[in-house]
Amino acid sequence: MKPSIANAPDRSESIAPGKTKDHWRAFVKKLVPGGDEVLWAEACDSFLFARLRSRYIDPIAAVREGSKWNGEGFTIVSIQCALIEFLAALREGKKYRHKNPQPPHEYKNSGDLFCDFLQKTDPFDKLFTMAQAQDFYANVRCALLHEARTKDGWIIWASGTPAVDCQRKVVYRDSFQNLIEGYIHDYGVALTGDIALQKAFIRKLNDLAD
């Protein structure tokens, strides 16, 4: 017989493989914005990169490897869009709150966060104007997550360039994944020395460990 929720043992939720909320709460005490780059690299790899690999990057790779060219792009791009919103919130150190968000570090309108990130952040800014980011958000991101479809002529193909062709309304899922993973790598490098990113990182990881 499974234990009831009331009788379930106390536990600290995992936020990355082998890392619980308690691990983060202990580790963050050693992190100082502008401080030891080695510690910041460890924080990024052990908590952030491990989390992204296990929950997003490896699952996407598994779908790609088992692809039968029969619509898997819908699953892949859906995950990519969820990942993009997380990366946008991470960069700003923001927490999603459905009701009564408290600025400046809480948000409710995911569209603004999502589109600003695509239009302003390298390398995505090479692909999107604000109008194009809004089109992608409405007719790819929201259409996939809410209706399990793309809309307004958008399609998903496996490979090609550019990663997202806003003129032709094509998402090349594999190229887009390469772009996202490149961004994540560059973010990790920047995190070791960028104080603003470090402060935002602490806020976001504290939120995950809340």
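Read the figures in this text as sums done on the coordinates, not as results from a lab. Computed from a prediction, not measured in an experiment: that's the story for all the values here. Cβ coordinates were reconstructed from backbone atoms using ideal geometry, including for glycine residues, and neighbour counts include every protein chain displayed.
Assuming 0.36 nm per residue, please report the length gained on full extension of the stretch Glu147 to Ser110 beyond their Cα-Cα distance.
Using 0.36 nm per residue and subtracting the Cα-Cα distance, I get 11.6 nm.
Size of the dipole of the chain about the Cα centre, Lys and Arg at +1 and Asp and Glu at -1 on the beta carbon, nothing else charged, in debye to 20?
Roughly 600 debye for the chain.
Looking at the chain, which longest stretch skips every one of the trypsin sites (Lys or Arg not before Pro) that is in a DSSP loop with at most 16 other Cβ atoms within 10 Å, leaving the sites themselves out?
Longest stretch, sites excluded: 12-67.
How about Lys21: which lysines have a C-alpha closer than 29 Å to its C-alpha, ignoring those fewer than 8 places off in the same chain?
Correct list for Lys21: Lys2, Lys29, Lys30, Lys94, Lys95, Lys99, Lys108, Lys199, Lys204.
Going by Cα centres, the stretch 93-172 and the stretch 185-210 are how many Å apart?
First find each Cα centre; the distance between them is then 22 Å.
Which one of Gly111, Gly93, Gly66 has the biggest mean-square fluctuation once the chain is modelled by GNM with Cα springs under 10 Å?
Its mean-square fluctuation being the largest, the pick is Gly66.
Report the gain in length on full extension from Ala26 to Tyr96: 0.36 nm times residue separation, minus Cα-Cα distance, nm rounded to one decimal.
22.8 nm
Check which residues have an amide H placed less than 5 Å from Tyr107's amide H, if you skip close sequence neighbours.
Lys95, Tyr96, Arg97
Output the DSSP H helices from the chain with an along-axis C-alpha extent of no less than 24 Å and a mean Kyte-Doolittle hydropathy no less than 0.5.
72-92
Can you compute the modelled spin-label distance between Asp45 and Ala82, with each label point 7 Å from Cα toward Cβ, in nm?
Going from the Asp45 label point to the Ala82 one covers 2.8 nm.
Counting only DSSP beta bridges with both residues in the chain, tell me the antiparallel percent, nearest 5.
Details: 4 of 9 bridges.
Here the share of antiparallel DSSP bridges comes out near 45 percent.
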